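The values are calculated or read from the model by the stated rules, or taken from the named source; none is laboratory data. Not measured: the values here are computed from a predicted model. Note that we place each Cβ from the backbone using ideal geometry, even for glycine, and neighbour counts take in every protein chain shown.
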Amino acid sequence: MNKLPYERPFIQKLNLGVMNKFGSKTELEPCTHIDGVPVKKLIEEYGSPCFVISEQKIRNNYKNAVRAFKTRYPKIQFAWSYKTNYLDAVCNIFHQEGSWAEVVSIFEYQKAIHNGVPGDKIIFNGPDKSKEDLAIAISNNSLIHIDHFDELYDLVELVQGRSLKVRVAIRVNMDTGVRPIWDRFGFNYENGQAWNAVTKIMSHPELDLVGLHAHIGTYMLVSSAYAVAANKLCDLMQQVQNRWNQDIQYLDFGGGFASTNTLKGAYLQASDVIPSIDEYAEAITATVLNFGFKQDKLPTIFLETGRALIDDAAYLLGTVVATKRLSDERRATVMDFGVNILFTSFWYDHQISPAQHFSRHSENMTLYGPLCMNIDVVRENVMLPLLNKGDQVVVHKVGAYNMTQWMQFIQMRPKVILIDMNGRHHVIREHESLETMLRYEHVPAHLKTISL
């Protein structure tokens, strides 16, 4: 029998963070399997840390979102938000389910083309499109969402006098009652800038205004904001029809649907307060249907949902590096992953579960990453069992943005594993190595030798 490590007794000040009516959240359920595959087996085979993505969960999430909208409205089209997670395997799951591609850079545009998405099923958003980027999108008949007047003028220069029709939409920002107002992207509705953009587009026969787009925010906690956005887009659409007899083919409501991650400092758990996908769908579709359009004039509703479809489909597996006591006697646990690969730790209190069974003794603790930076805090306060060096944990709901915003700071990025519909697991992105890093470096000849 191994001798248990000794810890001296102490008097501890409790630092439980913000309390809610349910008391302190205790996360003491072990997570030993993901889609039937043992967590320990995954770590043994692919190393620690590593990301694991569930194909089954992605497909279920997508089907549920499509059901929520299509049972309420006849013309629905989803477009996968590449910036949320642009690993090819992930994107192709959505494309197999029928989702188009929504991109915000030429890099993402090229990935979509590489994945086999037809050019006319790519929505090109974003404020930074060069003339070269726009020319590529034009040649592929993609939907170009104009973000500002400078982009509009570039488009006009490219197409003026040519016998073609370029499909465009404008991005519209507006006051939906949510603060702060997301007015950075597109043309403002209230001050007339959006209408000004429409009139300029309509004066150029080479530009075909086919859509209106609004991305009103991110992690939206009130579905009613989408009803306000839908009403204003419908109003703008009707004005275009009345003045030019021009039919707007689609209204794009962007993304922003919240996942079930809990925001830092939130009074209640996310599962208690976030709208369901059905609530978002009802707010949007009911507003469009009730606006008064004739049945044959109803626009297609586009959705660029990312976070709500992928967040809970991915996990981060990791291992305890060390435990210690801080100056105020709080317990600290150091993990082998940090904010360099779990960027969302800055705004979420991620659920964290032990990957093995444990004693019922638990303690409030701080979870740190391995980086030599004081900001490397995975959880400031979390109630967990007394983890020891070598124990393993599972971080839940990490599918959105972590695998696009991660960085190789101090530690390199790990493998990403996909568990398919049959329980088989595949490496869909290799871990980085020193060779990966040196591949892009060039050392001048006079710096290639040193003498110490």
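Can you tell me which residue is surrounded by the fewest Cβ atoms within 10 Å (Cβ to Cβ) among those in the stretch 221-249 that are of a type in the set (D, E, K, R) and closer than 21 Å to residue 286 by Cβ? I'd like the intermediate steps shown before the answer.
Keep residues of the stretch 221-249 that are of a type in the set (D, E, K, R), which gives 232, 235, 243, 247.
Okay, now just the ones that are also closer than 21 Å to residue 286 by Cβ, so 232, 235.
Details: 232: 21, 235: 11.
The selected residue is 235.
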ask   = If you check residue 194 against the conditions, is it assigned to a helix (DSSP H, G or I) and crowded, with 20+ Cβ neighbours inside 10 Å?
value = yes
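Go through the stretch 150-168 and give me each residue that's in a loop (DSSP other than H, G, I, E, B) and within 18 Å of residue 202 (Cβ to Cβ).
Initially, the stretch 150-168 is screened for residues in a loop (DSSP other than H, G, I, E, B), giving 160-165.
Of everything in the stretch 150-168, those that are in a loop (DSSP other than H, G, I, E, B) and within 18 Å of residue 202 (Cβ to Cβ) turn out to be 160, 161, 162, 164, 165.
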query = Which of the residues belonging to the stretch 52-83 are touching a strand residue (DSSP E or B) at 6+ places or on another chain (Cβ under 7 Å) and of a type in the set (Ser, Thr, Tyr)?
reply = 54, 73, 81, 82
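Sort out which residues of the stretch 343-363 are closer than 18 Å to residue 322 by Cβ and either of a type outside the set (D, E, K, R) or within 26 Å of the chain's Cα centre (by Cα) (or both), and write them in order of number. Spell out the reasoning first.
Going residue by residue through the stretch 343-363, those that are closer than 18 Å to residue 322 by Cβ are 352, 354-356, 358, 363.
Listed by number, the residues that qualify are 352, 354, 355, 356, 358.
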ask   = Got a number for residues in the stretch 58-77 being within 18 Å of the chain's Cα centre (by Cα) and crowded, with 22+ Cβ neighbours inside 10 Å?
value = 4
message = Tell me yes or no: at least one residue of the stretch 336-347 is closer than 26 Å to residue 217 by Cα, touching a residue at least 12 places away in the same chain (Cβ under 8 Å), assigned to a strand (DSSP E or B) and among the aromatic types (Phe, Trp, Tyr).
response = no
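Here are some residues: 81, 54. Which one is of a type in the set (S, T, N, Q), within 22 Å of residue 282 (Cα to Cα) and modelled with pLDDT of 95 or more? Even if it seems obvious, please write down each step before you answer.
Details: 54 fails: within 22 Å of residue 282 (Cα to Cα).
From the options 81, 54, the qualifying one is 81.
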inquiry  = For the stretch 197-222, give me each residue that is modelled with pLDDT of 95 or more and in a strand (DSSP E or B).
reply    = 207, 208, 209, 210, 211, 212, 213
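Of the residues 297, 389, which single one is in the same structural domain as residue 252 (by TED's automatic domain parsing) and over 19 Å from the mean Cα position of the chain (by Cα)? Steps first, answer last, please.
Working: 389 fails: in the same structural domain as residue 252 (by TED's automatic domain parsing).
After ruling out the rest, the residue left standing is 297.
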remark   = (1) in contact with a strand residue (DSSP E or B) (Cβ under 9 Å, 6 or more places away or on another chain); (2) surrounded by fewer than 23 Cβ atoms within 10 Å (Cβ to Cβ); (3) of a type outside the set (S, T, N, Q) all hold for residue 157 apart from (1)
query = Mind checking which residues of the stretch 160-178 are under 18 Å from residue 218 (Cα atoms) and either surrounded by fewer than 20 Cβ atoms within 10 Å (Cβ to Cβ) or acidic (Asp, Glu) (or both)?
reply = 175, 177, 178
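Would you confirm whether any residue within the stretch 362-370 is closer than 25 Å to residue 36 by Cβ and charged (D, E, K, R)?
Taking the stretch 362-370 first, the residues closer than 25 Å to residue 36 by Cβ are none.
No, the stretch 362-370 contains no residue that is closer than 25 Å to residue 36 by Cβ and charged (D, E, K, R).
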key: Candidate set: the stretch 375-392, residues that are farther than 15 Å from residue 345 by Cα and in a strand (DSSP E or B); chosen: the one modelled with the highest pLDDT   = 392
request  = Please determine, by comparing only the residues of the stretch 323-332 that are touching a Phe, Trp or Tyr at 6+ places or on another chain (Cβ under 9 Å) and touching a residue at least 40 places away in the same chain (Cβ under 8 Å), which one is surrounded by the most Cβ atoms within 10 Å (Cβ to Cβ).
outcome  = 325
query = So how many residues does the stretch 296-324 have that are under 19 Å from residue 397 (Cα atoms) and of a type in the set (Phe, Trp, Tyr)?
reply = 1
query = Would you pick out the residues in the stretch 263-288 that are hydrophobic (A, V, I, L, M, F, W, C), crowded, with 16+ Cβ neighbours inside 10 Å and in a helix (DSSP H, G or I)?
reply = 270, 277, 281, 283, 284, 288
ask   = Quick check: is even one residue across the stretch 394-409 surrounded by fewer than 18 Cβ atoms within 10 Å (Cβ to Cβ), in a loop (DSSP other than H, G, I, E, B) and over 23 Å from the mean Cα position of the chain (by Cα)?
value = no
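Find the residue count for the stretch 364-374, including only residues that are in contact (Cβ under 8 Å) with a residue 40 or more places away in the chain and outside any loop (DSSP other than H, G, I, E, B). Steps first, please.
Here is the first cut: in the stretch 364-374, the ones in contact (Cβ under 8 Å) with a residue 40 or more places away in the chain are 364, 366, 370-371.
Filter once more, keeping what is outside any loop (DSSP other than H, G, I, E, B): 364, 366.
Of the residues in that region, 2 qualify.
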